[in-house]
Amino acid sequence: MKVKVRNLCASALCAVSIAAVFLGCNGKGSSLNGGEMQKVDPATLAFPLKEKAVLTGLTSFPANTESDPNKRTIFRRLQEKTNVEIKWTAMQSDQWNDKITLAMANPKTLTDFVFNASFNDSSLLKYADQGIIIPLEDYIDNYMPNLKAVFDKYPEYRAMCTDTEGHIWALPWIEQLGSGKEAIQVIDNMSFINKAWLDFLGLPVPSTVDEFEKTLIAFRDNAASLQQQFHIDGSIIPMSCIMNDGGQDPYVLINGFGEGYGDADKGKHIAVTDERKVICSATQEGFKKGTAWLHHLYEEGLIDPESFTQEWSTYVSKGKSGRYGVCFSWDVANIANLTDWVPLPVLSADTRNLTAQNGSFTSGFDRGRCVVTAVAKNPALVCAWLDQMYEPFQSPQNNWGTYGEDDDFDIFVLGTNSNGDKMLRHAPLGEASPVEVREAESVNGPLAILDEYYGVYVTCPDDAQYRLDWIKDYYTPDVNEKYVYPNVFMTREDTEALSNIQADVTKTINATKSDWVMNGFSDSDWDSFCKKLESYKLGEMLKIFQKYLDAYYEKIK
């Protein structure tokens with residue numbers, strides 16, 4: 001496919017500084033790939049290469065882990081396997097958002113590819129329009145057999161990666177763990193309750209909001225006994241969370257209020273009704289009533305006052321000290337332990353329902369995980385190297401970690417499957433925190449793990465399996481809605497319009513959540529809140545979402 005060559009100088013009105021730097025309108029700029037496919041003989045891309053090649057990459061790494069990607073076992077092995085050396089620029093993950101925009105605007109330091117980009121649609125299409133990244137659909141079809149095989153078997157993933165003009169601007173991250181209402185992504189901020197405390201106090205696991213409140217009160221009023229019985233150093237905290245922080249957000253508790261939509265989508269704050277209408281979950285009666293109930297819990301001293309400001313390290317430290325009665329996370333093992341804790345079932349209030357996360361029915365997916373930039377002089381080689389990340393034996397290692405490390409813990413041991421072929425077997429986690437071990441070993445980036453890989457190339461991780469069991473047993477029965485909002489790829493105009501609107505809408509909703517849970521609110525405050533959202537064009541936001549929802553279902557008829 002021929003792709004229109006994008007001239008950055010022609011984009012000067014909307015991106016003067018970037019265009020000038022990239023095109024070098026003063027004659028001193030870098031040589032860029034204009035976007036047309038550069039064909040090579042596929043035989044020259046066979047790994048390991050006969051002669052060593054050097055590419056450049058930009059990636060991120062979690063704080064307190066190895067900062068040099070080439071010192072990670074996974075990348076060392078890839079260099080040996082491919083004879084391609086990657087000269088990395090690495091940024092600490094918590095500084096990524098502050099630095100990546102500057103990095104993408106400077107061709108003198110920009111690398112051939114961005115490995116852990118995780119660009120949202122707005123950024124992806126902006127960089128595409130400015131010519132900073134190149135289209136990849138032809139490279140995928142010609143030089144990326146591993147990814148092409150995934151797309152051929154699951155065409156919905158190619159569709160989700162393709163923009164309205166037929167171009168693929170980024171390589172995806174795909175993680176299948178269950179499907180539909182049993183997919184592991186159905187719920188993020190899972191709630192957990194301290195079963196050891198319940199048993200000591202002779203209390204059942206609560207199933208309604210009233211029972212839940214009484215349980216928290218029992219934790220508070222029996223603090224001294226709990227401290228003595230469980231040898232707890234520090235005050236008892238009936239419930240802790242991190243407001244507006246992904247899996248640590250407490251709003252899963254309010255699903256039972258009103259019509260039961262809760263606020264599962266913490267980025268867009270939308271849900272889809274059974275009539276396929278897109279609504280704002282934060283303007284529903286259930287959000288109002290649920291927030292008022294959370295404020296009541298806060299007034300009673302049942303919610304950790306640090307929940308609105310604490311960082312992950314503080315949250316985990318208090319949890320590991322055994323001070324929590326209720327907490328929230330993707331996995332309680334990240335915060336406390338598996339022995340003393342159980343998932344808290346969906347709480348009944350006006351109804352009993354769990355609103356699934358949007359996009360979850362098609363499993364884990366990130367459209368903008370990795371991009372190839374216009375400075376790449378050999379994009380075919382770049383894509384061929386990146387395609388190694390989609391090899392079925394490689395993807396699980398990139399996602400979770402590897403085997404044969406020199407440290408005290410490996411995610412995997414190398415074993416065999418029933419056919420005698422090599423297979424990655426998950427090592428027991430023991431007391432180790434899954435997230436911390438994986439951050440130390442994994443490299444993330446573009447990859448694909450399909451359900452059919454389990455038992456063939458890799459075992460299902462223990463913590464994923466027990467989480468899948470939790471979802472099936474505790475949550476799937478209460479996922480009552482027919483639809484979640486699908487993962488659609490909008491036009492740049494609509495993406496930018498949404499981005500601009502959501503910047504105000506999301507900021508307002510998140511700030512309001514924290515304020516109202518701490519300080520309470522009146523009916524007048526609620527009316528002002530709804531009017532403020534409308535002034536920020538909430539109605540227009542919902543219309544855009546509705547347009548693409550209707551188009552999606554029209555396509556899959």
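The values are calculated or read from the model by the stated rules, or taken from the named source; none is laboratory data. What you see is a predicted model, and the numbers here were worked out from it, not measured in a lab. Here Cβ is always computed from backbone atoms with ideal geometry, including for glycine, and neighbour counts include all displayed protein chains. What goes into the accessible areas is simple: the full protein's heavy atoms, side chains included, and nothing from ligands, DNA or RNA. Shrake-Rupley method; radii C 1.70, N 1.55, O 1.52, S 1.80 Å.
Got a number for carbon plus sulfur as a percent of the range 277-390's accessible area, 1.4 Å probe? Can you show the working numbers first?
Numbers: 1630 of 3450 Å².
Summing carbon and sulfur atoms, their accessible area is 47 percent of the total for the range 277-390.
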DSSP beta bridge pairing in the range 50-122, given as percent antiparallel to the nearest 5: 0 percent
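Restricting to bridges with both residues inside the chain, how much of the DSSP beta-bridge set is antiparallel, in percent to the nearest 5?
Counting DSSP beta bridges with both partners in the chain, the antiparallel share is about 55 percent.
Net charge around F113, counting only other residues with Cβ within less than 13 Å of its Cβ (Lys, Arg = +1; Asp, Glu = -1)?
On the way: positive: K87, R369, K377; negative: D112, D387.
Around F113, the surrounding residues sum to +1.
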Computed curve, the range 481-545, Cα-only Debye sum without solvent term, log₁₀ I(q)/I(0) at 0.19, 0.25, 0.26 Å⁻¹, is -0.83, -1.06, -1.09
Does a label point 7 Å from the Cα of Y552, set along Cα-to-beta-carbon, have any residues of the range 141-165 with amide nitrogen under 11 Å, and which are they? 160
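Sort 64-73, 107-116 for me by packing, meaning the mean count of neighbouring Cβ atoms within 10 Å per residue, highest on top. If you can, show how the numbers build up before the last one.
Values: 64-73: 15.2, 107-116: 21.3.
Highest mean packing first, the order is 107-116, 64-73.
Tell me, what is the FRET efficiency for A149 and N500 to the nearest 0.05, using R0 = 51 angstrom and their Cβ-Cβ distance as r?
Numbers: r = 38 Å, r/R0 = 0.75.
Working from the Cβ atoms, E equals 0.85.
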Can you give the alpha-carbon Rg of the range 118-258 over 2.2 N^0.38 Å, where N counts its residues? 1.67
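Would you mind getting me the FRET efficiency between Y403 and Q465? Use the beta-carbon distance for r and R0 = 25 Å, nearest 0.05. Don't jump to the answer; show the numbers that get you there.
Values: r = 19 Å, r/R0 = 0.76.
According to the calculation, E is roughly 0.85.
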Fully extended contour minus Cα-Cα distance, from R276 to D451, at 0.36 nm per residue: 60.1 nm
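Could you work out the Kirkwood radius for the range 374-424, taking every pair of different alpha carbons, averaging 1/r and inverting it, reported in Å?
Details: mean 1/r = 0.0767 Å⁻¹.
Evaluated on the range 374-424, it is 13.0 Å.
Looking at this model, which pairs from K266/K318; K268/K543; K266/K288; K288/K531; K50/K81 are more than 18 angstrom apart at the alpha-carbon? Before the final figure, lay out the partial values.
Numbers: K266/K318 25 Å; K268/K543 13 Å; K266/K288 16 Å; K288/K531 14 Å; K50/K81 12 Å.
Cα-Cα > 18 Å for K266/K318; rest within.
Any idea of the accessible area per residue across the chain, 1.4 Å probe, to the nearest Å²?
42 Å²
Evaluate the range 305-458: find the radius of gyration of its Cα atoms, find its Kirkwood radius, and give the ratio Rg to Rh. Numbers along the way, then the final one.
Numbers: Rg = 19.6 Å, Rh = 19.0 Å.
That ratio equals 1.03.
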Rounded, prolate or oblate: which fits the range 53-152, taking a ≥ b ≥ c as square roots of the Cα gyration tensor eigenvalues, rounded meaning a/c under 1.5, else prolate when a/b beats b/c? oblate
At 0.36 nm per residue, and after removing the present C-alpha to C-alpha distance, how many nm does the segment from E51 to K472 gain when stretched out fully? 146.5 nm
Computed over the chain: longest principal axis from alpha-carbon atoms vs helix 285-299 long axis, angle to nearest 10 degrees, is 60 degrees
Enumerate by residue number the GluC sites (Glu not before Pro) in the range 200-289 meeting two conditions: DSSP loop (anything except H, G, I, E, B), and at most 11 other Cβ atoms within 10 Å of the site's Cβ. E275
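Based on the Cβ-Cβ distance from K507 to F393, what FRET efficiency comes out when R0 is 51 Å, to the nearest 0.05?
Working: r = 43 Å, r/R0 = 0.85.
Given R0 = 51 Å and the Cβ-Cβ separation, E is 0.75.
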So, for the Cα atoms of the chain, Rg and Dmax in Å stand at 24.7, 78
